Amino acid sequence: MAEAGSFADRVKQQADIVRVVGEYVRLKKSGQNFTGLCPFHAEKSPSFAVHPTKQIYHCFGCQVGGDVFKFVMEMEKCAFPEAIRIVAEKCGIAVPSPRERSPEERRENQQRTLILEMHRAAQTFFIKQLESTAEGRVARAYLEDRGLDKQVIEQFGIGYVPSGGDALLRLLRPKYKNDQLLVDSGLISRDQSGRLFDRFRRRITFPIANEGGKIVAFGCRALGDDQPKYLNSPETPIYSKSNVLYHLDRAKDALRRQDFAILVEGYMDAIAVARAGISNVVASCGTALAEPQIKLLGRFTKRVIVNYDPDSAGQTATERSIALLLEQDFEVKVLALPPVGDKKADPDLFIREKGADAYLKLLKESPPYVDYLIARARQMDLATGEGKLRAVNFLLPYVQKIPNRLLRSEWATRIAQQLRIDEPVLRAQLSKAATERRSELKAQPELLGRVTKPVERRLIRMLADAEDFKTELALRLQQERLYGGMEAERIIAALISANLAQPTLATSEVAGTLDDRDRRLLFEVLFAEEDPATWEEAESCVAALQRRQVERAVADVQRDIEAQPAGANLRALLERKQELMRRLAAH
Ligand SMILES: [Zn+2]
C-alpha cells in the first residue's frame, strides 16, 4: 500500500492506469470503463476492465484485480519497489537514487556494469571486423551465400571475430587491467599456464540481448568446418542461459499483439523467421528449453508454436518442451517442417528454399501438440502388442496433462483409432492416470459475491462513489453499527474507515487491505454500470438496515424468552420486546 506522501504515493497520484495498462493490453472505451482482453488468462471476448477514475483494474473472467502497481507486479513478475520504479519511468517521474547498497552489492553491481561495457566494446569491434578486414570479407561472402544481406547483418548486429586468438584481448586489456574480470566476462579464456586468449576465434558473432535489449552474451558460428559448429558465451554474472530468450527484446510487441510465439532452436532460425516478416519469434538458444525461459515468455503470451529442428535431438527437445509448456498452462502447437528435397529442414533452410509464404502457410496449419505426438507414436512399431504399449506409454503423460476432461476423452478416442488400440483398455489406463493426478488439480475458484444482497452492493457503491454524501453515510453507519453481520461487512467496514480517515483514502488503497475474495466483490460492484446514488436512496438503505437491526434484536429477545419461560426477568424481556415492536411499526 502506498503510504500518504511517500514516493509510491506520489507516483500513484500522477500515474494514469489506463495509459500504463494500455502499454500491455489493447483497451477500448466502454461506458465509464476501458475494457480489453485479459493479459492474465486466455480469452476471446474482453472481460478485463480498467476504471479510469478509481485507478483500478479487474478481470471478470479470472478475478484478478488491483491498482497500477499490482498490475505491473503481475505483468513484469517483479516486487513492489521495482513496480514503483517501472510505473514512475513510464510516466516520466524522476526516481530518487536508491538506498545505500552494501559494499558487496556495490562490488557486484560494478562488476556487472563493467562486463556489460566490455560486451558493448566487443560488439563494436566484431562489427568492424566484419565490415573492413580481409577475413571479414570472407565471412561476409559466407553470410551472403546463406541469404543474409547487408541490411540483415546490420539489423541483427552480426559481426566477426578474427582468427588471431588475441585480437579482442588486445582491445580490452588496456582498459580492463584486471585479468580475473576479463575471464569472468566470458569473452576471454585462460589456459592452464595462466595465459589469456580470446574465447572465440574465426567465427561469425551473433549478439544475444536480454529482455531489456542489452547485449549479455554472444553466440558464435564456425566459419568453416571448425568444431564445434556453435560456440556460445558461458554463464557469467550478466548471463544465465536459462533466463534469456534470443530475440525476445525485439519480439515483445509482436508477442503481445499476436498473442502467440514461435519457438525455434537457434539464432539463425530466429533471424530467418523474423526476416520473413514474422517478428513474434524467439529462440531458446540450445536444445533444452528451461523453465525460467517459459515463465519469461509467459509474461507476453501463453500460446506457442514449437518449431524445432527435425533431427532426433530436435524431436526430443520438442517433446521435452511440450511437457514443460503444458505444466505452465501454455496452449501448444507443433510445426514439423517437411523435408526440402532430401534434406531435413530447419526453419532457416526451409524459408531459404521455399520462401516465407510457404512457411507462413504451414505455420497457420500447425496442429495441436497431441496430433504431433500421435504422429510420432505412429512411427513406432505398432504391429506388436509391445510396440503398441510403448506408443501408449509415450502418449499417456501428455494426455494426462490436458486439464479439460472432455478434451482428454476426445483425445483418447483419437489415440485409440489412430493406433488401433482397444478403446476401453486405453480409457481404463487414462482414468487410472487421472486418479493419480487428481491431487494436483487446482482448487475451484471460490463462489463469488454475486449472491450478495442488493442493499449491500448499493452501500458499497455509495461509500466508494457518492462524493456528496459518502462521509456522512459512513458516519451514520459507524455510529449505529448498522453493518454488523453483513456478508460484505469487512468491505463496508474498510470503506467506512477510509472515508472517516484524515485525509480520506482512495478506493484502490482500501482494496489493498482486503483479502482476495472481498477485493473481487468490491471490484465487481465498482465496475458494474449502475445509476449514481442519491441521498434519498442512502437514507432508505439506512432505514432498511435499522429495521434489520431491530428485527434481529426482537429475535434475540424472543429466544431469551423461550429459553426461560419462567425466568425472573421475563417481565423485563417482554417489555423490551414490546418496545422493539413499537419501533418496528414506526418504521
Ligand atoms: Zn482474466
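Of note:
- Taking 0.36 nm per residue of separation and subtracting the Cα-Cα distance, full extension of the segment from Glu487 to Arg582 would add 31.4 nm.
- For the range 40-144, average projected area of the Cα convex hull in nm²: 12.9
- Pairs of lysines in the range 265-415 (C-alpha under 28 Å apart; 8 or more residues apart or interchain): 24
- Figure note: Glu131, Glu579, Glu386 ranked by solvent-accessible area, largest first, 1.4 Å probe, ligands and nucleic acids not counted: Glu386, Glu131, Glu579.
- Residue order for Arg571, Arg106, Arg408 - accessible surface, 1.4 angstrom probe, largest first: Arg571, Arg106, Arg408
- Glu539 versus Arg146: modelled label distance in nm, points set 7 Å from Cα along the beta carbon direction: 8.1
- Model label sites at Tyr230 and Asn243, defined 7 Å from Cα along the beta-carbon direction, differ in position by 2.1 nm.
- Listed peptides 179-189, 302-312 appear in the order 302-312, 179-189 once ranked by packing, highest mean of other Cβ atoms within 10 Å at the front.
- Surface composition of the chain: carbon plus sulfur atoms hold 50% of the accessible area, using a 1.4 angstrom probe and ignoring ligands, DNA and RNA.
- In the chain, the calculated helix contribution to ellipticity at 222 nm averages -16500 deg cm²/dmol per residue, counting -39,500 (n - 2.57) for every DSSP H run with n ≥ 4.
- Counting only protein chain heavy atoms and rolling a 1.4 Å probe, the accessible areas of Thr316, Thr205 rank, largest first, as Thr316, Thr205.
- His41 contributes an accessible area of around 50 Å² to the protein surface, as traced by a 1.4 Å probe with all chains present.
- The residues of the chain have, on average, 52 Å² of accessible surface per residue, using a 1.4 Å probe with all protein chains present.
- At full extension, Arg427 and Arg257 could sit 57.2 nm farther apart than now, given 0.36 nm per residue minus the alpha carbon distance.
- Pairs of Lys residues in the range 12-85 that lie 8 or more places apart, or on two chains, and have C-alpha atoms under 20 angstrom apart add up to 8.
- Within the assembled protein chains, the solvent-accessible surface assigned to Arg390 is about 140 Å², based on a 1.4 Å probe.
- Förster radius 41 Å - calculated FRET efficiency between Asp516 and Glu472, Cβ distance, rounded to 0.05: 0.85
- Over the chain, relative contact order from alpha-carbon pairs under 8 Å, at least 6 apart, %: 8
- Per-peptide average of other Cβ atoms within 10 Å, ordering 215-223, 357-365 highest first: 215-223, 357-365
- Here the calculated FRET efficiency for Ser6 and Val455, from their Cβ-Cβ distance with R0 = 45 Å, stands at 0.80, rounded to the nearest 0.05.
- Computed label-point distance, nm, for sites Glu82 and His41 using a 7 Å Cα→Cβ extension: 2.5
- Normalised by the number of residues in the range 118-162, the average gap of Cα pairs under 8 Å and 6 or more apart makes the relative contact order 52 percent.
- The relative contact order of the range 172-242, computed from alpha carbon pairs under 8 Å that lie at least 6 residues apart in sequence, is 23 percent.
- Linear extension gain, Ala313 paired with Gln558, 0.36 nm per residue minus alpha-carbon span: 80.3 nm
- Over all distinct Cα-Cα pairs of the chain, the Kirkwood formula returns a hydrodynamic radius of 29.2 Å.
- Nearest-0.05 FRET efficiency for Cys62 and Gln155, computed from C-beta distance (R0 41 Å): 0.60
- Viscosity 0.890 mPa s, temperature 25 °C, Stokes-Einstein D of the range 266-414 from Kirkwood C-alpha radius, µm²/s: 150
- Note on the range 523-568: Cα-Cα pairs beyond 17 Å make up 60% of the total pair count.
- Across the range 13-23, coupling constants 3J(HN,Hα) worked out from phi with the 6.51/-1.76/1.60 Karplus curve, θ = phi - 60°, read 4, 8, 6, 10, 4, 5, 5, 5, 4, x, 6 Hz, and Gly and Pro carry x.
The values are calculated or read from the model by the stated rules, or taken from the named source; none is laboratory data. Predicted, not measured: the structure shown is a model, and the values here were computed from it. Neighbour counts run over all protein chains shown; Cβ positions are idealised from the backbone, glycine included. To get the accessible areas, we keep the full protein, side chains included, count just its heavy atoms, and leave off ligands, DNA and RNA. Shrake-Rupley method; radii C 1.70, N 1.55, O 1.52, S 1.80 Å.
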